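First the structure, in the form of C-alpha cells, and then the observations on it.
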Amino acid sequence: MTSRRLLTLPLVALLGVSLAGCATPDSTTGQRVGTAAAVGAATGAVVGAISGGFLRSTLVGAAAGAAGGFVYDQIKKSQEND
C-alpha cells in the first residue's frame with residue numbers, strides 16, 4: 001500500500017461520517033441512507049486500498065450502502081404502519 005492510500009483512507013472515513021450527520025433529525029430516511037452510505041464508502045475504501053481501484057471501490061460502496069439504507073428504511077416504515 002502506498003502512503004497516499006494510507007492517508008486517503010482516514011479522510012474518506014471522516015468525510016463519510018460527517019456527511020451521515022447532515023440529515024435533519026426528523027428525517028429517518030436521510031439518516032439511514034447517509035449512515036449506510038458512509039459505512040459502504042468506508043468498506044469500499046478498505047477493499048480498494050487492499051486490492052486496488054480505491055476510488056471506484058469507495059464510490060461503489062457508497063452507492064450500494066445508500067441503496068441498502070433506503071431499502072431498509074422503506075421496510076422499517078412499512079412495518080411501523082402495519
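Could the peptides 29-41, 47-59 be put in order, highest first, of the mean number of other beta-carbon atoms found within 10 Å of their residues?
On the way: 29-41: 21.4, 47-59: 16.0.
For the peptides 29-41, 47-59, the packing ranking is 29-41, 47-59.
Annotation for K76 and A63: the two label points, set 7 Å from Cα along the Cα-Cβ direction, are 2.5 nm apart. Karplus-derived 3J(HN,Hα) values for the stretch 61-76, using 6.51 cos²θ - 1.76 cosθ + 1.60 with θ = phi - 60°, are x, 5, 5, 5, x, 5, 5, x, x, 5, 4, 4, 4, 5, 5, 4 Hz; glycine and proline are entered as x.
FYI, it's all coordinate maths here, none of it is from the lab. This is a predicted model, so every value here is computed, not measured. Neighbour counts are summed over all protein chains in view; Cβ atoms, including those assigned to glycine, are modelled from backbone coordinates with ideal geometry.
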